[in-house]
Structures are given as structure tokens and as C-alpha cells.
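Asks: Quick one: structure below, then a few questions.
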Amino acid sequence: MMTRTSNNPPCRMEDYMSDRTFDQPVLVKNGEFIQEIGCLDDAFDFFDEWPRERRGPIFETAFRACQRAYDGQVPLTVARDAVAGFARSV
């Protein structure tokens, strides 16, 4: 179950000084396009758009890692690595 939604635009310049911006973006190939996930807001948007029928344990683990990073319970690198791991798995 997703508990965090975002109506924020993709990472803005001020986000790059934020504690919610990844040290390196995660690049995800989506069909013919490459999507850049550079911060937690981007990651939550990516997860929000992911088809429900394609969600599974790896999706849930990555999403929870982002929630925990958002709440300050784990380092941002944990969330970034989880997003990258999910992207590789799909």
C-alpha cells in the first residue's frame, strides 16, 4: 500500500541542496525513453506511476526504503540503492 503521494514537480534546483537528493541519479529505461530519478520525490512519482499488477516484493521493499529515508530512519543511499535494484529487476 502506498502512503505517500507527491504533487511536486521533478527535482528543482533547491532540491539539489536538500537531504532528499541522491548523490547520483538512477537512470531507468522506460520503453524508448530514459527516466532520471534524482531524488525521493522522483522516486515516489516513479512508484506511483508503476502499474499495480506489476508490483511485487521487490517493488514493496524499494518503496519502503524510500519511505524510511523520507522519514530519516535510513540514509538516502539505502533508498537510492533500493530504487536502482528495483529498476534492474524489471
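Asks: Once amide H atoms are placed 1.01 Å from N in the peptide plane, what residues at a sequence separation of 5 or more from Val74, or on another chain, have their amide H within under 5 Å of its amide H?
Replies: Distant-sequence amide H within range of Val74: Ala69.
Asks: Follow-up. Using 0.36 nm times the number of residues separating Asp71 and Ile58, minus their current alpha carbon distance, what extension gain do you get?
Replies: Additional length available on full extension: 2.7 nm.
Asks: Give me a comma-separated list of calculated 3J(HN,Hα) values for the range 34-51, in order, Karplus coefficients 6.51, -1.76, 1.60 applied at θ = phi - 60°, integers in Hz, x for any Gly or Pro.
Replies: Result, rounded to whole Hz: 10, 9, 9, 10, x, 7, 4, 4, 4, 4, 5, 4, 4, 5, 4, 7, 5, x.
Here, each number is a calculation from the coordinates, and none is a lab measurement. Keep in mind that what you see is a predicted model, and the values were worked out from it rather than measured.
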